[in-house]
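Please treat every number below as a calculation from the coordinates, not as lab data. Computed from a prediction, not measured in an experiment: that's the story for all the values here. As a convention, Cβ positions derive from the backbone with ideal geometry for all residues, glycine included, and neighbour counts pool all protein chains shown.
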Amino acid sequence: MDDATDTPDAEPGASTPVLAPRLRDQRRASGLTLEAAARRTGLSAAHLSRLESGLRQPSLPVLLGLARLYGTTVSDLLGETAAEPDPIVRGASMAAVPAGGWTYRRAGGTGRAMQALRVHVPARAQGGLVRVHPGEEWLYVTAGVLELTLGERAHRLAAGDSAHFDSLVPHRLAAGGPDGVDLLFVHTLMQSETSALCVVPREPVDTRGGRS
């Protein structure tokens, strides 16, 4: 991508003094070359080099993308000291966040090695997507029926059923009924070049044979 796509970023001088070296250190800690990091964030390697040298200041969308890539937060990149995480999560205060047809609510603390979510999967939402990424996943069905495909095996999970699996195994989650399915979902947060969620299309698996 040429530098013309990078023009929304701010001119030098407005960046915090710690941002440029933090961008460079986080990239190196993630095991990414300049070219690999630039490619995965839609930037040119030359532009990312200028960001890491303090010659340019990233726009907020670019900063968010880099934080996601490096498995950290914007606050951390800016050198802000994070407060001690509150161990209590009040369900009533957690806003619903729609993404990709699903609805997520945070159910755990931030800045931890695991992320806990409450998830609602509507019928026919993302039903043809298969995910592959490092880490582990644990889920528990609280309402409805989940159609879970792990590798070549298809399972039907009802309320009260759970699953714990290596997420490098190709997996697909879909609602097994018209009202969707509600889950408690916990997964590990991995910081590596392959930590981004990998999604590929796949033909739906016939699960009419009943629960495994």
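Observations, loosely collected:
- Restricting region 97-184 to trypsin sites (Lys or Arg not before Pro) that sit in a DSSP loop and have at most 13 other Cβ atoms within 10 Å of their own Cβ leaves Arg112, Arg124.
- For region 91-201, taking Cα atoms only, Rg and Dmax work out to 13.4, 39 Å respectively.
- Sites listed here are GluC sites (Glu not before Pro) in region 132-192 whose DSSP assignment is loop and whose Cβ has at most 11 other Cβ atoms within 10 Å: Glu152.
- Residues Thr33, Thr103 arranged by fewest to most Cβ contacts within 10 Å: Thr33, Thr103
- Prolate/oblate/rounded call for region 16-159, Cα gyration tensor, a/c under 1.5 rounded: prolate
- Which of Leu34, Leu77 has the fewest Cβ neighbours within 10 Å, and the rest in rising order: Leu34, Leu77
- Overall form of region 54-128 per C-alpha gyration tensor (a/c, 1.5; a/b vs b/c): oblate
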